[in-house]
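The values are calculated or read from the model by the stated rules, or taken from the named source; none is laboratory data. Note that the structure is predicted; figures quoted are calculated from it, not measured. Virtual Cβ from ideal backbone geometry, glycine too; neighbours counted across all protein chains shown.
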Amino acid sequence: MSKELTQRQEEVLAALTSYIEDFGIAPSHVELAELIGVKSSKAAADHLKALERKNVIEIYPDKPRGIRVLNQQNEFELPLVGSVAAGLPIEAIENVESYVTIPEVMRRKKPTFLLRVRGDSMIDEGILDGDLIAVRKSNTANVGEIVVARIDDEVTVKRLERQGANAVLQPANDNYQPIILPAEDLAIEGHFVGLIRA
């Protein structure tokens with residue numbers, strides 16, 4: 001990627017990039033240590049700091065797995081990892097379809113990946129069928145946030161509400177009913193942080 005990188009740094013960068021392509025998120029320090037054959041997560045973190053100093057990755061220390069690989073032009077690309085339902089939940093497709101350069105304004109919100117929207121249940125929030133939504137990976141969310149949620153093996157995008165002990169996934173279209181389920185059955189995949197109109 002860069003003539004300034006040592007052979008070892010090239011190997012670490014290749015392992016990091018490959019993991020992100022496979023899983024849509026960066027590895028933890030422990031996972032990266034295993035990938036590059038070092039014993040401690042600190043050694044993995046040291047390699048990451050060296051790559052950041054050479055401006056080939058960006059690290060967000062306040063975020064779990066907060067690592068982004070920058071491409072050669074220093075543009076900011078996110079993996080498009082499939083589709084999410086804005087309607088009834090659909091099966092998630094989790095292999096990387098492509099990489100999409102995102103605008104600088106969206107970059108500040110620190111998204112992790114993109115999903116293509118299928119359906120019209122969020123149109124009153126301005127999320128339309130075919131849009132690409134930027135998602136910040138997280139397994140927690142606050143009431144009132146728009147989230148990507150997993151129900152069994154399917155994912156949907158909705159506004160998170162509560163009703164007693166239940167979680168409510170609220171659509172933004174009167175033609176759809178809320179999805180109500182026990183809070184412990186709801187798995188949050190991430191927060192909606194922006195969109196790209198395709």
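Details
- Val168 vs. criteria in a loop (DSSP other than H, G, I, E, B), over 24 Å from Leu80 (Cα atoms) and of a type in the set (Val, Ile, Thr): no
- Any hit, segment 148-162, residues being of a type in the set (Gly, Ala, Ser) and either without any contact (Cβ under 8 Å) to a residue 24 or more places away in the chain or buried (at least 19 other Cβ atoms within 10 Å of the Cβ) (or both): yes
- In the set Ala33, Ala26, Ala44, only one residue is hydrophobic (A, V, I, L, M, F, W, C), surrounded by 16 or more Cβ atoms within 10 Å (Cβ to Cβ) and within 15 Å of Thr112 (Cβ to Cβ); that residue is Ala26.
- Against the criterion of being at pLDDT below 75, surrounded by 13 or more Cβ atoms within 10 Å (Cβ to Cβ) and touching a Phe, Trp or Tyr at 6+ places or on another chain (Cβ under 8 Å), Gly66 does not qualify.
- Residue in segment 50-57 that is outside the structural domain of Glu97 (by TED's automatic domain parsing) and in a strand (DSSP E or B) present: yes
- The requirement of being surrounded by 20 or more Cβ atoms within 10 Å (Cβ to Cβ), hydrophobic (A, V, I, L, M, F, W, C) and at pLDDT 85 or above is satisfied by Val56.
Residue-by-condition table, conditions (1) among the aromatic types (Phe, Trp, Tyr); (2) closer than 30 Å to Gly130 by Cβ; (3) within 15 Å of the chain's Cα centre (by Cα):
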position	(1), (2), (3)
Glu4	no, no, no
Leu13	no, no, no
Ser18	no, yes, no
Asp46	no, no, no
Arg68	no, yes, yes
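- Top-ranked residue in segment 107-139 [being outside any strand (DSSP E or B) and within 13 Å of the chain's Cα centre (by Cα); ranked as modelled with the lowest pLDDT]: Arg107
- Near pairs, Cβ below 8 angstrom, 6+ apart or cross-chain, from segment 49-69 (over 14 Å from Lys137 (Cα atoms) and touching a residue at least 12 places away in the same chain (Cβ under 8 Å)) to any residue that is part of a helix (DSSP H, G or I) and of a type in the set (Asp, Glu): Glu58/Glu52
- Residue list for segment 20-37, restricted to those being modelled with pLDDT of 85 or more, in a loop (DSSP other than H, G, I, E, B) and within 19 Å of the chain's Cα centre (by Cα): Ala26, Pro27, Ser28
- Given (1) over 14 Å from Val81 (Cβ atoms); (2) among the charged types (D, E, K, R); (3) surrounded by fewer than 16 Cβ atoms within 10 Å (Cβ to Cβ), index of the condition Glu97 fails: (1)
- Hey, Arg197 under 30 Å from Pro61 (Cβ atoms) and not acidic (Asp, Glu) or not: no
- Test: residue in segment 184-197 that is in contact with a Gly (Cβ under 9 Å, 6 or more places away or on another chain) and either under 21 Å from Ile20 (Cα atoms) or modelled with pLDDT of 90 or more (or both): yes
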